[in-house]
Amino acid sequence: MSTDTEPVTAPQQKTDDAQKLTKFQPGRGLLGLLGMLIVVWFLANLFLAFGYYPQWFGHKIVIAVLALIAGVGGAALLFWFLNMFVESLPQRFSLAVIPYAFLLPAFGLVALVLLYPTIQTVNYSFANSDSTAYVGLQNYATIFQDSEFWASWINNVLWLLIVPAFTVGLGIVVAVLADKLSATGERASKGLIFLPMAISFVSATAVWGLIYAYNNPGQAQTGLLNAIVVGLGGEPQTWLAIETAKLNSLLLMVILIWMQAGFAMVLLSSAIKGVPEDTLEAARIDGATEFQIFRLVVIPQISSTIITVYVTVFIIVLKVFDIVYVSTNGSYDTNVIANLFFNRLFAASEAGQAAAIVVTLLIAVTPLIIFQIKTFRDAEAAR
Amino acid sequence: MSQSLMRDGRPRSYVAIVTMLLLTLLWCIPTIGVLTTSFRTRDDAITSGWWTALFNPVAADWTTANYGGAWVGANMGAAFLNTIVVSVPGTLIPIMFAAFAAYAFTFIDFKFKEFFFLLIIAVMVVPIQVAFQPMLNLLGPNGLGISGQYIAVWLLHTGFGMPLCIYTLRNYMTTLPHSVVESAKVDGCSHYQTFWRLVAPMSMPAIAAFATLQFLWVWNDLLIAKLFLKQENTTVIVQLQQLLGTQGQGQELLTAGAIISMIVPLLVFISLQQFMVRGMTSGAVKG
């Protein structure tokens, strides 16, 4: 991995270039600095103009095209000027600075939209409903006494227990079965099961709304599930209002499993296909059944992929929001923590409590962060 | 069991065929329902389930008027344009920024390199909910005043997409032969030139993979668009959510709107699936 040697070797190889580069070029440096400033100033003004004087641009399409060009072009120009500035510095200095210059825009944005807000949210969680005065631990006391908060966490935990496990399980079943089909059959079935991954949570909820729809008894049932129930002689049900045995939450989980199973299947399928044939052959010679081979030979060899998929889905489920927000908005005891946060912040205007709710979510993801870092370190050590 | 063989010589498994057929059908039914309903008249959609139209397509009352209704009446047309304006830079800008960072992480040694990379891994897991309150204050009328504009949403999507993008690209770049970069150095190329001429073109598979994922993510996002775009700049997903929330709205408009919101991500997904799968699986093998 070490590339530490080139600052020493490169100038020796090309002496005239090195001679030329080591000098400080104030002209280029100034141009780079000025360029960066102008790009930022121009972009800021252009977008303010889009906002406040849309009539200058005539049609909306003009704004759309200009915004596209300015956004992507501006980002590229910014890099170009940044590089010009860094390369103008004396070479020894410039070589030391360049990695940080390459990191700067990326980390600047990460700091702006992730690091600063994390600290600020923790800060807000100790402040009142419009973040104007500190109230100590008041918000935490309020949410911990709120039964809705605990109900939301219980639902979230339920989602976390059920969805990742079912997604991974279904992914394995589909991957194994598809592997036994003809090439065409495998491609077609996997493609169709993978497809829901492309659509939004909102569209998926709209799609499943047609399955769970309810019409009064006596009317034609336009929801598939109720049509089946009525066809079998039952009464139509308002499915998403049934709290018994958390049926409504389970029905919402089905939507997410439907969306994610394809993703799990694709990763697991490629892992299963990567299991060396001779390990399977050896087990067959030893007289193992197909199921034993799968359990004792295949599963251990794909376990790292299983964990990756599980963790990925787990992180998605932890923040599940759209499906609940769009379908029930948390009523009928279906609330989850991200939706509770949203409603506290916007419907109830309780910024302090909302921040405290997010902080509990942050604490919940901390073990995952440690796990991810450990996994990465292990992978690096094995490289 | 009778051992009929497939063309490639493997035994045909009827259990697999039947189960997969059922599963695939089960997976498609919801979408087929929406697609069918979107072409039915309002009266038809109210008085009978969508499957009746499929079982008896001649007697059913078909129409394409719902799409016109959703496109103009439900503002899906304007929102469609907005979504493109949000999604394309929301995909390209993070890649540009992240590729430079990934290059530095892979090919240059510097102080605190590991610390910075672990930071990236850590923020990958941080829920985006933490950002809403502080960013609404910062970008809103009392701050920079750009909330509601496209640029606010690009900024957020760029920042949120950045950690995964750096991680993915860096993982891919470590598999590139170091000797190529070394020899470019010997020939006197600066890091900037090496990046553009060698590393960026060689990283195209990983870039395409992440681009597909990020595009889907930005296009399909509800929260950021809902909170940081004003109504006339809003996306199809927010429009669809508003349609869903409106009581008494006919299913026919809603389904047409849903199809409009799904069509681009589906096309992108189908055409770029190969890249994405390759990118995802190579990432997963590395963990």
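The values are calculated or read from the model by the stated rules, or taken from the named source; none is laboratory data. Predicted, not measured: the structure shown is a model, and the values here were computed from it. Note that we place each Cβ from the backbone using ideal geometry, even for glycine, and neighbour counts take in every protein chain shown. Each accessible area value is taken on the protein alone, full model and side chains, heavy atoms only, with ligands, DNA and RNA left out. Shrake-Rupley method; radii C 1.70, N 1.55, O 1.52, S 1.80 Å.
Brief remarks follow.
- Among the residues of the stretch B:253-277, those that are touching a residue at least 12 places away in the same chain (Cβ under 8 Å), more than 9 Å from chain A (Cβ to nearest Cβ) and open to solvent by 10 Å² or more (accessible area, probe 1.4 Å) comprise B:LEU253, B:ILE260, B:VAL264, B:LEU272, B:PHE275.
- Failed item, numbered, when B:ALA98 is tested on (1) modelled with pLDDT of 90 or more; (2) open to solvent by 60 Å² or more (accessible area, probe 1.4 Å): (2)
- Condition check for B:VAL88: part of a loop (DSSP other than H, G, I, E, B) and open to solvent by 20 Å² or more (accessible area, probe 1.4 Å): no
- When the residues of the stretch B:133-157 are filtered to those that are more than 7 Å from chain A (Cβ to nearest Cβ) and open to solvent by less than 10 Å² (accessible area, probe 1.4 Å), the one that is nearest to B:ALA79 (Cα to Cα) is B:VAL153.
- Residue satisfying condition, being in contact (Cβ under 8 Å) with a residue 40 or more places away in the chain and either more than 13 Å from every other protein chain (Cβ to nearest Cβ) or more than 29 Å from the chain's Cα centre (by Cα) (or both), within set B:ASN75, B:ASN66, B:ASN56: B:ASN66
- Test set (1) open to solvent by 30 Å² or more (accessible area, probe 1.4 Å); (2) farther than 24 Å from A:ALA245 by Cα; (3) in contact (Cβ under 8 Å) with a residue 24 or more places away in the chain - A:ILE193 fails condition number: (1)
- Enumeration of residues in the stretch B:216-232 that are within 8 Å of another protein chain (Cβ to nearest Cβ) and either under 12 Å from B:THR83 (Cα atoms) or surrounded by 24 or more Cβ atoms within 10 Å (Cβ to Cβ) (or both): B:LEU216, B:TRP219, B:ASN220, B:ASP221, B:LEU222
- When B:ALA209 is tested against (1) at the interface with chain A (Cβ under 8 Å from one of its Cβ atoms); (2) touching a Lys or Arg at 6+ places or on another chain (Cβ under 7 Å); (3) part of a helix (DSSP H, G or I), only condition (1) is not met.
- Residues of the stretch A:351-376 classified as in contact with an Asp or Glu (Cβ under 9 Å, 6 or more places away or on another chain) and not hydrophobic (A, V, I, L, M, F, W, C), total: 2
- When each of A:ILE63, A:ILE98 is tested for being part of a helix (DSSP H, G or I), closer than 20 Å to A:ASN45 by Cβ, at the interface with chain B (Cβ under 10 Å from one of its Cβ atoms) and not small (Gly, Ala, Ser), the lone residue that passes is A:ILE63.
- For the stretch A:258-317, a residue qualifies if it is of a type in the set (S, T, N, Q) and either under 15 Å from B:VAL277 (Cβ atoms) or within 28 Å of the chain's Cα centre (by Cα) (or both), and the qualifying residues are A:GLN260, A:SER269, A:SER270, A:GLN301, A:SER303, A:SER304, A:THR305, A:THR308, A:THR312.
- One residue stands out in the stretch A:47-56 among those that are open to solvent by 40 Å² or more (accessible area, probe 1.4 Å) and touching a helix residue (DSSP H, G or I) at 6+ places or on another chain (Cβ under 8 Å): the one that is nearest to B:LEU155 (Cα to Cα), namely A:PRO54.
- Residue match in the stretch A:237-251 (condition: more than 28 Å from B:GLY257 (Cβ to Cβ) and among the β-branched types (Val, Ile, Thr)): yes
- Residue under evaluation A:TRP41, criteria (1) closer than 30 Å to B:LEU139 by Cβ; (2) modelled with pLDDT of 80 or more; (3) within 11 Å of chain B (Cβ to nearest Cβ), criterion not met: (3)
- Total residues in the stretch A:184-220, condition closer than 24 Å to B:ARG12 by Cβ and either within 8 Å of chain B (Cβ to nearest Cβ) or among the aliphatic types (A, V, I, L, M) (or both): 7
- The lone exception for A:ILE162 - which of (1) open to solvent by less than 20 Å² (accessible area, probe 1.4 Å); (2) of a type outside the set (Asp, Glu); (3) in a helix (DSSP H, G or I) it fails: (1)
Conditions tested, residue by residue: (1) at the interface with chain A (Cβ under 8 Å from one of its Cβ atoms); (2) more than 23 Å from A:ILE373 (Cβ to Cβ); (3) within 22 Å of the chain's Cα centre (by Cα).
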position: B:GLY49; (1), (2), (3): yes, yes, no
position: B:TRP62; (1), (2), (3): no, yes, no
position: B:PRO89; (1), (2), (3): yes, yes, yes
position: B:TYR103; (1), (2), (3): yes, no, no
position: B:VAL123; (1), (2), (3): yes, no, yes
